[in-house]
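Just so it is clear, none of the values below were taken in a lab; they were calculated from the coordinates. Keep in mind that this is a model prediction, so the values were computed, not measured. Cβ placement follows ideal geometry from the backbone for every residue including glycine, while neighbour counts extend to all protein chains displayed.
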Amino acid sequence: MQKSHRIRKNEEFAAVFRSGSSAANRQFVVYWKRKPGQPHFRLGVSASKKLGNAVVRNRMRRLVKEIVRLHGGRIAPECDLVVIVRKDATQMEFDELERSLKHVLKKAGVWLPAAASAAPPDHR
C-alpha cells in the first residue's frame, strides 16, 4: 500500500473516530469519514493487544491491508477508513476474512458496485 494511502498519525485516526460514521460486524468495526477533493481513499488499521501477541496483531494488519489492496478499486475514493480488528477475526481463514470485510464495507456504504466495464461482450 502506498504511503499516500495510509493513515498513520494519531490525530488523523482521532479525526475519523470523532467526526466519522461507523459500521460493524463480529470481526471488524469500520469508521469512515468523507473527504471531498481527496483523489483516493486512505486506510488505517487498528489491532488491539486484546487480539494476542505482536505476531498475531501484525498478521491481522497485513491480512486486512492485503484484502484492501486486492479490492481497492471497489472502495469509494474521497474517504478515510479506519478498520478495527476484533478477536473473532483471528480464528478465520483469508477467504472468510475477505467476505467479512467486504460485508462491513458494504454496510458502511463505501463499497462501490461492480464497474460498468464488466458488461457482457458484444456478440456480432
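Observations on the structure shown:
- Pair-distance distribution of the chain: all C-alpha pairs, bin width 10 Å, starting at 0; shares per bin in whole percent are 12, 44, 31, 8, 3, 1.
- Rounded to the nearest 10 degrees, the inclination of helix 94-108 to the longest alpha-carbon principal axis of the chain is 80 degrees.
- Net length gained if the chain between L70 and F94 were fully extended (0.36 nm per residue, minus Cα distance): 7.4 nm
- The spacing between segment 1-31 and segment 59-97, judged by their C-alpha centroids, is 12 Å.
- Relative contact order for segment 1-75, counting Cα pairs under 8 Å that sit 6 or more residues apart, in percent: 28
- Helix 10-19 vs. the chain, principal-axis angle (Cα, 0 to 90°, nearest 10): 70
- Segments 8-18, 59-69 sorted - mean Cβ within 10 Å per residue, highest first: 59-69, 8-18
- Helix axis angle, 54-70 relative to the chain longest principal axis, alpha carbon, degrees: 10
- Cross-link partners of K49 among lysines (Cα-Cα below 23 Å; sequence separation of 8 or more within a chain): K9, K65, K87
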